[in-house]
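J.: Take a look at the following structure, please.
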Amino acid sequence: MPSDADLNQYLELLSFGSISTDSKYKDQVLACANWLERKLNAIGLKATQYETPGNPIIIGRGPVKSGRPTVLIYGHYDVQPVDPLNLWHKPPFEPTIENGIVTARGASDNKGQIFAHILGIEQTLREKGDLPVNLIVLIEGEEEIGSVNLAPFLKAHREELACDVIAISDSSMIAPGYPTFTYGLRGIAAIEITVTGPDRDLHSGIFGGAVENPITVLARLIAGLHDENRKVLIEGFYDGVRDLAEWERTSWKELPLQEAALLKMTGAPALAGESGFTPLERIWARPTAEVNGIGGGYQGEGTKTVLPSKAQAKFTFRLVPDQDPAKIVAIVEDYFRKHAPPSVKIELSPGHYGQPYLVDPHAGYGMAAQRALARLLPDCKPALIREGGSIPIVADFKSILNADTLLLGFALPDCNAHSPNETFPLAHLDLGARLNRYLLEAIAG
Ligand code: BES
Ligand code: ZN
């Protein structure tokens, strides 16, 4: 378990409401960035904060010696919104601890995981006065909104950020005690649609039947995205989708995260998804079309006989190699334009996007990562997995810095990331700190 002092620092970090998508929280975002800069300096790194057109980026550097590899550890201090707030048992930015579990927004995604790295670095520096590698720690504040300002920052600081490999803990272990190496992430493309019928809300008795209802149109457009086997019907959607490798299909069947575990974790009455694939294959290696939000018309108490003027919905498409987010946005726009009737107007506004990522888990520093995991949890062979989530900057790290990423997360799939009552097991602070130490040692060779 962490010391009281370390625990207090972690809880302090969690108390910043650093929600990047909502400008109301800007002050807390900036306060959180300042806190991290101070913390990195306090543990013996040289830390600097960089302004961006959005939220600041913090960079910390360890002692530099020639002849050893440079490792860049990446994390993010921004968090997802907390609504629906009424489902939280305690306020999301007033962390609580019960039975060794911390509850707060960001507890695992990603503050707990970066804090564990900070602890590991601090321990090594305290004991040895040095680290086994040249270390750059980069913590940004816009991951949850697509890291829009980080890729330009990488380009502008290419030389100072040159490194041999990136390490990120912003993913999960497959199950408690199960060492996990993630070698693939899905990409993402976001888009919003607004469907407009009449130029104002109308009386549904006076006009209904002769004027289009935009909610009905939107519902048809959404329903038309999938067939009965949950295949996405947008023309060209599956172009370039790489098949799963046979070894992936075989080894994923052995993992302790199958249908029953997913049912328990999600509370869904039954699973659903694309036919011909197991649940893990669907999440990790198949693309999806998701509606993230839908609205329009009267939502208050009782009845209001209104024919609404507008309906809107927000979508994200999760993508796999070798789908291209820009191309997906283009064919999604075509789909909506082609299928919307002339009785409505539609407006489409594309949002952030990120490329999918896939790397050979046995190549490069992949074996060093596996050695570190085997040392951390020697009773269990490291699981080699992909994840369905997205970390958009990972593909940019490859294209801009020409470095592969080792994804070594130690959150758990049931930590409620992005959901109410997000958690992190306190024991995983120590676990993550040890992983940090073993990983840097394994990379140093
Ligand atoms: N930590 C997640 C990504 C993740 C989750 C990776 C689970 C692997 C397993 C990250 O903070 C996140 O949520 N990213 C967003 C990115 C998006 C908003 C551009 C996501 O995946 O929704
Ligand atoms: Zn995250």
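Values quoted throughout were computed directly from the atomic coordinates according to the rules given, and no laboratory measurement underlies them. Since this is a predicted model, take the numbers as computed values, not measurements. Positions of Cβ are backbone-derived with ideal geometry, glycine not excepted, and every protein chain shown enters the neighbour counts.
J.: Which shape class applies to segment 63-153: rounded if a/c is under 1.5, otherwise prolate when a/b exceeds b/c and oblate if not, where a ≥ b ≥ c are the square roots of the Cα gyration tensor eigenvalues? Intermediate results must be reported in sequence, preceding the final value.
T.: Numbers: a/c = 4.86, a/b = 1.61, b/c = 3.01.
Oblate shape, in that a/c is at least 1.5 and b/c is the bigger or equal ratio.
J.: Quick one: Cα centre-to-centre distance for segment 273-327 and segment 172-197, in angstrom?
T.: After rounding, the separation between the Cα centres reads 14 Å.
J.: Tell me, what ³J(HN,Hα) does each residue in segment 423-438 have, in order and in whole Hz, if you take phi through Karplus 6.51 cos²θ - 1.76 cosθ + 1.60 with θ = phi - 60° and put x for Gly and Pro?
T.: Karplus values, whole Hz, x for Gly and Pro: 10, 7, x, 4, 4, 6, 5, 5, 4, x, 5, 5, 4, 4, 5, 5.
J.: Next up: Which value does Rg/Rh take for segment 174-278 over its C-alpha atoms, Rh per Kirkwood? Don't skip to the answer; put the middle values down first.
T.: Numbers: Rg = 20.9 Å, Rh = 18.6 Å.
We get a ratio of 1.13 for segment 174-278.
J.: Of the listed peptides 72-80, 329-337, 36-44, what is their order by residue-averaged count of other C-beta atoms within 10 Å, with the highest listed first?
T.: 72-80, 36-44, 329-337
J.: Also, quick follow-up: With equal scatterers on the alpha carbons only and no solvent term, can you work out the Debye log10 of I(q)/I(0) for segment 312-417 at 0.14, 0.15 1/Å?
T.: -0.74, -0.81
J.: On a straight-distance basis, which aspartates and glutamates could pair with K314 in a cross-link, Cα separation under 17 angstrom, same-chain partners fewer than 8 positions away excluded?
T.: By straight Cα distance, K314 reaches D22, D83, E144, E192, E290, E333, D334, E347.
J.: I need the phi-derived Karplus couplings for segment 27-36: 6.51 cos²θ - 1.76 cosθ + 1.60, θ = phi - 60°, integer Hz, Gly and Pro marked x.
T.: Taking θ as phi minus 60°, the curve returns 4, 6, 4, 5, 5, 5, 4, 4, 4, 5 Hz for segment 27-36.
J.: What is segment 7-75 by shape, rounded, prolate or oblate, if you read a ≥ b ≥ c off the alpha carbon gyration tensor as root eigenvalues and call it rounded for a/c under 1.5, prolate for a/b larger than b/c, and oblate otherwise? Walk me through the intermediate numbers first.
T.: Numbers: a/c = 2.68, a/b = 1.71, b/c = 1.57.
Prolate.
J.: Same structure again: Which value does Rg/Rh take for segment 140-189 over its C-alpha atoms, Rh per Kirkwood?
T.: On the way: Rg = 14.2 Å, Rh = 13.6 Å.
Radius of gyration relative to Kirkwood radius: 1.04.
J.: While we're here: List the aspartates and glutamates whose Cα sits under 13 Å from the Cα of K398, skipping any in the same chain fewer than 8 residues away.
T.: Qualifying aspartates and glutamates at Cα under 13 Å: D164.
J.: Ok, one more. Can you tell me which of 388-395, 211-218 comes out highest on packing, and rank the rest after it, using the mean Cβ neighbours within 10 Å?
T.: Details: 388-395: 23.1, 211-218: 20.1.
So the order, starting with the most tightly packed, is 388-395, 211-218.
J.: Same structure again: If amide hydrogens are placed 1.01 Å from N in the peptide plane, which non-local residues have theirs closer than 5 Å to the one on I101?
T.: For I101, the qualifying residues are L426.
J.: Order the peptides 233-246, 274-287, 432-445 from the highest to the lowest mean number of other Cβ atoms within 10 Å of their residues. Mind dumping the intermediate values first?
T.: On the way: 233-246: 13.4, 274-287: 18.1, 432-445: 21.4.
Peptide ranking by packing, descending: 432-445, 274-287, 233-246.
J.: With Kirkwood's inverse mean 1/r over C-alpha pairs for Rh, give me the Rg to Rh ratio of segment 46-113, two decimals please. If you can, show how the numbers build up before the last one.
T.: Numbers: Rg = 16.9 Å, Rh = 15.1 Å.
We get a ratio of 1.12 for segment 46-113.
J.: When N counts the residues of segment 190-229, how does its alpha-carbon radius of gyration compare numerically with 2.2 N^0.38 Å, as a ratio? It would help to have the intermediate numbers written out before the result.
T.: Values: Rg = 13.0 Å, N = 40, 2.2 N^0.38 = 8.9 Å.
Dividing the Cα Rg of segment 190-229 by 2.2 N^0.38 Å gives 1.45.
J.: Would you be so kind as to identify which of P132, G100, P84 lies farthest towards the positive end of the dipole of segment 76-191, taking Lys and Arg as +1 and Asp and Glu as -1 on Cβ and the Cα centre as origin?
T.: Positive-most Cα among the choices belongs to G100.
J.: When the chain is modelled as a GNM with alpha-carbon springs shorter than 10 Å, which of L377, L271, L30 fluctuates the most?
T.: L271
J.: For the chain, take the convex hull of the Cα atoms, compute a quarter of its surface area, and give me that in nm², please.
T.: Numbers: hull surface 91.1 nm².
Approximately 22.8 nm², given one-decimal rounding.
J.: Also: Nearest 5 percent is fine: what portion of the DSSP beta bridges confined to the chain is antiparallel? Mind dumping the intermediate values first?
T.: Details: 47 of 70 bridges.
Counting DSSP beta bridges with both partners in the chain, the antiparallel share is about 65 percent.
J.: Still on this model: Quick check: net charge around G44, other residues with Cβ under 13 Å of its Cβ, Lys/Arg +1 and Asp/Glu -1?
T.: On the way: positive: R38, K39, K46, R61, R126, K128; negative: E122, E127, D130.
Taking every Cβ under 13 Å from that of G44, the sum is +3.
J.: Right, here's the next one. With a ≥ b ≥ c the root eigenvalues of the C-alpha gyration tensor of segment 112-204, is it rounded (a/c under 1.5), prolate (a/b larger than b/c) or oblate?
T.: Prolate shape, in that a/c is at least 1.5 and a/b is the bigger ratio.
J.: If you project the alpha carbons of segment 226-303 onto the principal axes, what extent comes out on each, in Å, largest first?
T.: Principal extents (Cα only, largest first): 55, 35, 18 Å.
J.: Where does each of E94, E422 land when they are ranked from fewest to most other beta-carbon atoms within 10 angstrom?
T.: E94, E422
J.: Rank the residues K398, K65 as a footprinting-exposure proxy: fewest other Cβ atoms within 10 Å of their Cβ go first.
T.: Values: K398 16, K65 11.
Ranking K398, K65 by Cβ neighbours within 10 Å, fewest first, gives K65, K398.
J.: Can you list the HN-Hα couplings for segment 307-316, worked out from phi with the Karplus curve (6.51, -1.76, 1.60; θ = phi - 60°), rounded to whole Hz and with x for Gly and Pro?
T.: 9, x, 6, 9, 9, 9, 8, 10, 10, 10
J.: Another question, if that's okay. Say the cut-off is 23 Å between C-alpha atoms; which of K39/K111; K128/K155; K24/K304 go over it? Don't skip to the end; give the middle numbers.
T.: Details: K39/K111 13 Å; K128/K155 33 Å; K24/K304 32 Å.
K128/K155; K24/K304, as the Cα separations exceed 23 Å there.
J.: Lys and Arg at +1, Asp and Glu at -1: add these up for the other residues within a Cβ distance under 14 Å of P179 and post the number. Each step should come with its number before you reach the end.
T.: On the way: positive: R371, R375, K381, R434; negative: D379.
Residues close to P179 contribute a combined charge of +3.
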